[in-house]
Amino acid sequence: MRMTKQLLMGAVLGIVMVGTAGAYDGDWKRGRVYYRQVCTDCHQSMAKKTISPNEKTKAEWTAYITADKHDATKKSNPSLKYATSRAYRDSIKTKNKAAEKFLEVPDAELQADIKAWVLYGAKDSDNPSRCQ
Amino acid sequence: MNLPPGTTWLKVAVTIMLATAFTAMPAAGASKSTADHSKFKELQQNFQSGPEVTKACLSCHTEAAKQVQKTKHWTWEYLNPENKQRLGKKNVINNFCIAVPSNYAACTACHIGYGWKDDKFDFTVETNVDCLACHDTTGSYLKLAGMAGHVPYKDMEYPPGSGSFVKATDLKKVAQKVGKTSRDTCGACHFNGGGGNAVKHGDLDTSLEAPDKELDVHMDSLGLNFTCATCHKTGGHDVAGSRYAPTAVDRKGAQVRGSEDRKNPATCQSCHGQAPHTKTAKLNDHTSKLACQTCHVPSFARGGIATKMSWDWSTAGKMGPDGKPMTVKDDKKHVIYDSKKGDFVLAENVTPEYIWFNGSVQYTLRGDPVEKSDQPTRINRFEGSPHDGKSVIWPVKVFRGQQPYDTVSKSLVILHTTGNDDASYWKHFNWEKAIAAGMASVGDTFSGKYDFVKTEMTWPITHMVAPKDKAVGCVECHKAGGRLEKIEGVYIPGRSRDHLGLLDTAGWSLAALTLFGVVVHGSLRIATRKKKD
């Protein structure tokens, strides 16, 4: 009986947590900082170019993020989620201040931030944005 | 389920709760405001227009509009108390898009108001003040050129006839999420001065939205993360620091809390004082002659975005092979020719020019005489001299170009560029009609004869402050052909003009003789001692 109550409480809390996490709609400003100082840094060294939000439409970005296929050169981890994960941030924190600063941000939150930023600056948005 | 030894369900629950709390925490940098505007019933309505939002804002912030209406951001006017020149965006002529009059509906996308489409705009109506332009935090509030300061209130084709569409602004959402000003809100206009990103200033562009420390030590988004208002401290909606009344020299110390000092807070000295170099005190000896920016902003347009360096209106109007307006881009995809505007030169990582500057600026305004010659007309002449006791050496961007003037009245002219009417230059490319309409809009006449005159406009460089290890090094000035080679009236050891070969030879000869003497003397002493031993 006691075990059942504990399980029930855990389940309720879990639902609350998922619900709360789902409510987080992404901070495009924090996404912009991470994108410009982590993503762009890597794009420039690996792909020898910048990749800007204004290179895709909102629909294209959404599809791209959903597909979770990132590095076409196969020089690095092909998962897009990995590029925002704590594991990745931890691996580069000594040479990238943004990765260090955002080390403790939950993966899902940072992914939402990045998505909010690329949609904010997408080709068909009100603010087509490029990365310098 | 098997839990690790010592783990209880209570611990699991607590862990879940903590995770929940952490997930629900606002993102870093989120507002710490004491008010959640989404809870105000005044803002829980579907607004149909910007003025409706302002009306709701003013129901609590009763004095805000009155304060705004006293500022340059509202009036676009400034009376220079020194020389009585009437300045401000409404009055000056520049060598970018030339002038605001007759182009209000386009230019006033950067006015903090609604409805300024012609010279009949009522500056006294409080609901004409646009609160959201500066206090939006969503990034979705976008004032479009041609809409007289309004945002789209419904989905619409923009620009008209383009086939592109913009969505209606969600005014309710924007109003409920208002906050302090940010680099984004200020930058929406100030990063895009002159008609586009990075065009005008050189040290202000969208790279400063989220800069790293290399680009600007103060605005570093991972460090100090200054907003514009951190330095341009605002009181009663009046923003400190203005290029119409610049502070070239600040001889006062750092401002402290509680100080009644009314000086401009947007100076380096306001925080750093007069002797900021603690490790290399010799550098403090330079502050009487150099602005801080001269060493600490080694170059501008450093954020990866090219700034315009010149604009030649005289070549505008050429059409493409299809008879339609065209643009030409260079290999970096910069537009270097536009039928509507003429030829451009753009550049990145630009080393500033340097001038003596005492804070006084003399504008060439409409009606002031200009003469076509090889010497350019200086649209805003920065005054200063090594001998006036109130000037220091400043870094500047000098923007050069050619623009139309009336060859009979010998005065710069206003050009009507925007809009869909018969006189719009960007629509019909007819100089006579466009100039006549521009001049008529301010009650002036146009002789019908025009030509182009060379002009220069000077912009102080003060943003994009580099880390101290990237500041201008000693040898960049203390050498022949250095950065300050052309600066008059100051002795700079190592510079060509401060270098006299004969004197150097004499000095080095004396040093060599001294060394020779020391060596000989020492040798003799040693030799003598050995003999005695």
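The values are calculated or read from the model by the stated rules, or taken from the named source; none is laboratory data. Computed from a predicted structure; not experimentally measured. Reconstructed Cβ throughout: ideal geometry from the backbone, glycine too, with neighbour counts over all protein chains shown. Side chains included, ligands, DNA and RNA excluded: accessible areas come from the protein's heavy atoms. Shrake-Rupley method; radii C 1.70, N 1.55, O 1.52, S 1.80 Å.
Within the group A:64, A:82, which residue is more than 12 Å from chain B (Cβ to nearest Cβ), open to solvent by 30 Å² or more (accessible area, probe 1.4 Å) and under 15 Å from residue A:102 (Cα atoms)?
A:82
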*Which members of the stretch B:30-39 meet the condition of being in contact (Cβ under 8 Å) with a residue 60 or more places away in the chain and closer than 28 Å to residue B:154 by Cβ?*
B:37, B:38
*Would you be able to tell me the number of residues in the stretch A:48-59 that are over 16 Å from residue A:116 (Cβ atoms) and loosely packed, with under 15 Cβ neighbours inside 10 Å?*
2
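Residue-by-condition table, conditions (1) open to solvent by 10 Å² or more (accessible area, probe 1.4 Å); (2) aromatic (Phe, Trp, Tyr); (3) touching a Cys at 6+ places or on another chain (Cβ under 9 Å); (4) in contact (Cβ under 8 Å) with a residue 60 or more places away in the chain:
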| site | (1), (2), (3), (4) |
| --- | --- |
| B:50 | no, no, yes, yes |
| B:66 | yes, no, no, yes |
| B:69 | yes, no, no, yes |
| B:72 | yes, no, no, yes |
| B:85 | yes, no, no, yes |
| B:89 | yes, no, yes, no |
| B:94 | yes, no, no, yes |
| B:100 | yes, no, yes, no |
*Hey, could you check the stretch A:92-109 for residues that are free of Cβ contacts under 8 Å to residues at least 24 places away in the same chain and open to solvent by 100 Å² or more (accessible area, probe 1.4 Å) and say which is nearest to the other protein chains (Cβ to nearest Cβ)?*
A:101
*Which of the following residues is of a type in the set (S, T, N, Q), modelled with pLDDT of 95 or more and open to solvent by less than 30 Å² (accessible area, probe 1.4 Å): B:391, B:409, B:385?*
B:391
_Total residues in the stretch B:130-172, condition among the acidic types (Asp, Glu), in a loop (DSSP other than H, G, I, E, B) and farther than 22 Å from residue B:194 by Cβ_ = 3
*asked:* As an exercise: evaluate residue B:176 against (1) out of contact with any helix residue (DSSP H, G or I) (no Cβ under 6 Å at 6 or more places or on another chain); (2) modelled with pLDDT of 90 or more and give the number of the one condition it does not meet.
replied: (1)
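To keep it simple, each residue is scored yes or no on (1) open to solvent by 40 Å² or more (accessible area, probe 1.4 Å); (2) out of contact with any Pro (no Cβ under 8 Å at 6 or more places or on another chain); (3) among the small types (Gly, Ala, Ser).
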| position | (1), (2), (3) |
| --- | --- |
| B:301 | no, yes, yes |
| B:305 | no, yes, no |
| B:312 | no, yes, no |
| B:315 | no, yes, no |
| B:320 | no, yes, yes |
| B:325 | yes, yes, no |
| B:328 | yes, yes, no |
| B:336 | yes, yes, no |
*Taking residue B:452 as the residue in question, decide whether it is under 34 Å from the mean Cα position of the chain (by Cα), more than 30 Å from residue B:222 (Cα to Cα), in a loop (DSSP other than H, G, I, E, B) and of a type in the set (Phe, Trp, Tyr).*
no
*Could you tell me which residue of the stretch A:25-50 is nearest to the other protein chains (Cβ to nearest Cβ), considering only residues that are touching a helix residue (DSSP H, G or I) at 6+ places or on another chain (Cβ under 8 Å) and among the polar types (S, T, N, Q)?*
A:37
_Quick test for you: out of B:143, B:167, B:154, B:180, pick the one residue that is within 11 Å of chain A (Cβ to nearest Cβ) and open to solvent by 50 Å² or more (accessible area, probe 1.4 Å)._
B:167
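Collect the residues in the stretch B:195-219 that are out of contact with any Cys (no Cβ under 8 Å at 6 or more places or on another chain) and away from chain A (no Cβ under 12 Å), keeping them in residue-number order.
Once the filter is applied, which keeps residues that are out of contact with any Cys (no Cβ under 8 Å at 6 or more places or on another chain) and away from chain A (no Cβ under 12 Å), the stretch B:195-219 yields B:196, B:199, B:200, B:201, B:202, B:203, B:204, B:216, B:217.
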*Among the residues of the stretch A:41-54, which ones are closer than 12 Å to residue A:125 by Cβ and more than 16 Å from the chain's Cα centre (by Cα)?*
A:54
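Between B:333, B:340, which is part of a loop (DSSP other than H, G, I, E, B), under 30 Å from residue B:428 (Cα atoms) and within 14 Å of chain A (Cβ to nearest Cβ)?
Exactly one residue qualifies, and that residue is B:333.
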_Filter pass, residue B:167 being of a type in the set (Lys, Arg) and out of contact with any Pro (no Cβ under 9 Å at 6 or more places or on another chain)_ = no
*Residues that are acidic (Asp, Glu): find the helices (runs of 4 or more DSSP H) completely inside the stretch A:37-132 holding 1 or more of those.*
A:58-67, A:86-92, A:97-101, A:107-120
_Given (1) more than 19 Å from residue B:190 (Cβ to Cβ); (2) small (Gly, Ala, Ser); (3) surrounded by 21 or more Cβ atoms within 10 Å (Cβ to Cβ), number of the condition residue B:161 does not satisfy_ = (3)
*Out of the residues in the stretch B:16-57 that are within 13 Å of another protein chain (Cβ to nearest Cβ) and out of contact with any helix residue (DSSP H, G or I) (no Cβ under 7 Å at 6 or more places or on another chain), state the one that is modelled with the highest pLDDT.*
B:31
*Out of B:361, B:370, which single residue is within 17 Å of the chain's Cα centre (by Cα) and open to solvent by less than 30 Å² (accessible area, probe 1.4 Å)?*
B:361
*Can you tell me which residue within the stretch B:196-250, out of those that are among the acidic types (Asp, Glu) and farther than 27 Å from residue B:457 by Cβ, is most open to solvent (accessible area, probe 1.4 Å)?*
B:214
